[in-house]
Amino acid sequence: MVGKLTWYRATSSITCALFDRARFFDKHGCLKKAIAEKNGTLEDTWNQTNRQATGDLLEPVLIQEAARRLGITELEAEVDYKIDHPELPLQASLDGRCKAVNLKVSHDTNNGIYVVGHKDLILNGDIPIECKCSSDFPSVGEPPKYLGVDQLHTSMEILNAEYGILIVLYQSTDLRIYVYKREEAFKSELARVVLDFDRRVNEE
């Protein structure tokens with residue numbers, strides 16, 4: 001969802017900026033906001049756009065449809081609480097969340113299912129879901145990192161989840177479901193940028 005539950009430190013939604021991979025904002029702006037929030041001087045001037053409001057409306061429906069296509073039955077299509085990383089100063093507000101037990105998912109482009117880097121995966125455990133609505137045309141392979149990929153991998157680390165699901169609705173009708181397996185190398189890179197960002201906030 002667009003409405004944020006998380007604080008102005010490192011969150012899953014800004015890690016793409018911390019990695020210098022964001023499209024619409026950068027880490028310097030994030031740092032400025034975080035320092036202002038720390039000092040109690042942040043002015044909330046954010047207004048939801050028409051596109052963002054429409055995305056909020058569609059997300060639960062898209063999450064439910066993706067769950068149906070994947071065969072997921074234990075689902076939270078709307079998450080109204082934040083989650084904390086057990087060790088890092090890092091939080092996330094998820095679009096959705098589900099659980100799976102030995103659920104096999106296969107690459108199936110006819111049904112909009114893309115298993116990234118694999119032909120099949122057996123899903124188990126707690127799984128974060130991120131959902132995006134984009135006016136862009138889909139890229140070949142996985143989406144660009146800024147379109148929910150870094151955010152999803154961050155949420156996977158926060159939940160200690162082995163799998164994650166990214167839903168992207170392209171061009172209003174092209175629904176694609178990307179299933180990811182946790183990447184071990186991402187963990188250390190995430191810790192590096194999060195701790196650096198937190199230090200910069202503290203030291204201003």
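Among the lysines of the chain, pairs at least eight places apart or on separate chains and with Cα atoms under 22 Å apart come to 29. Amide hydrogen proximity for Cys131: with H placed 1.01 Å from N in the peptide plane, the residues at 5 or more positions away or on another chain lying under 5 Å are Asp95, Ile167.
Normalised by the number of residues in the chain, the mean separation of alpha-carbon contacts (under 8 Å, six or more apart) gives a relative contact order of 24 percent. For the pair segment 148-204 / segment 48-103, the C-alpha centres are spaced 13 Å from each other. Using Cα-Cα distances under 8 Å and only pairs 6 or more residues apart, what relative contact order does segment 39-146 have, in percent? Over segment 39-146, the number comes to 22 percent. Using the Karplus relation 6.51 cos²θ - 1.76 cosθ + 1.60 with θ = phi - 60°, the per-residue 3J(HN,Hα) values for segment 197-204 come to 5, 5, 4, 5, 5, 5, 8, 6 Hz, with x marking Gly and Pro. Protein heavy-atom accessible surface, 1.4 Å probe, per residue over segment 122-204: 42 Å². Taking θ as phi - 60° and the Karplus parameters 6.51, -1.76 and 1.60, the scalar couplings of segment 169-185 work out to 9, 9, 6, 6, 9, 9, 8, 10, 10, 9, 9, 10, 9, 4, 10, 4, 5 Hz in sequence order, x denoting glycine and proline.
A cut-off of 5 Å between modelled amide H atoms, ignoring neighbours fewer than 5 places along the same chain, links Val115 with His107, Asp108, Val179.
If you take the beta carbon distance between Glu184 and Arg21 as r and set R0 to 22 Å, what does 1/(1 + (r/R0)^6) give as a FRET efficiency, to the nearest 0.05?
It comes to 0.70.
Label positions at Gln52 and Thr173, each projected 7 Å from the Cα along the C-beta direction, are separated by 2.9 nm. The H on the amide N of Ala22, modeled in the peptide plane, is under 5 Å from the matching H of Ala17, each at least 5 residues off or on a different chain.
Can you compute the FRET efficiency between His28 and Asn111 using 1/(1 + (r/R0)^6), with r the Cβ-Cβ distance and R0 = 41 Å? Round to the nearest 0.05.
0.50
Applied to segment 135-147, the Karplus parametrisation 6.51 cos²θ - 1.76 cosθ + 1.60 on θ = phi - 60° returns per-residue 3J(HN,Hα) values of 7, 6, 7, x, 8, 6, x, 6, x, x, 4, 6, 8 Hz, with x for Gly and Pro. Among beta bridges from DSSP that stay inside the chain, the antiparallel ones total about 70%.
Once you sort the root eigenvalues of the Cα gyration tensor of segment 97-148 as a ≥ b ≥ c, which label holds: rounded (a/c under 1.5), prolate (a/b larger than b/c) or oblate (the other case)? Oblate. Across the chain, the longest piece that holds none of the chymotrypsin sites (Phe, Trp or Tyr not before Pro) lying in DSSP loops with up to 11 other C-beta atoms within 10 Å covers 82-204.
Here is the list for segment 1-94: GluC sites (Glu not before Pro) lying in DSSP coil, each with at most 12 other C-beta atoms within 10 angstrom of its C-beta, are Glu43, Glu87.
Within segment 79-142, the trypsin sites (Lys or Arg not before Pro) that combine a DSSP coil assignment with at most 10 other C-beta atoms in a 10 angstrom radius are Lys119. Shown here: segment 7-131, whose C-alpha atoms stretch 49, 36, 26 Å along the first, second and third principal axes, sorted largest to smallest.
The values are calculated or read from the model by the stated rules, or taken from the named source; none is laboratory data. Quick caveat, the model's predicted, so the values are computed rather than measured. Every residue, glycine as well, gets a Cβ built from its backbone with ideal geometry; the counts of neighbours run over all protein chains shown. All accessible areas refer to the heavy atoms of the entire protein, side chains included, with ligands and DNA or RNA removed. Shrake-Rupley method; radii C 1.70, N 1.55, O 1.52, S 1.80 Å.
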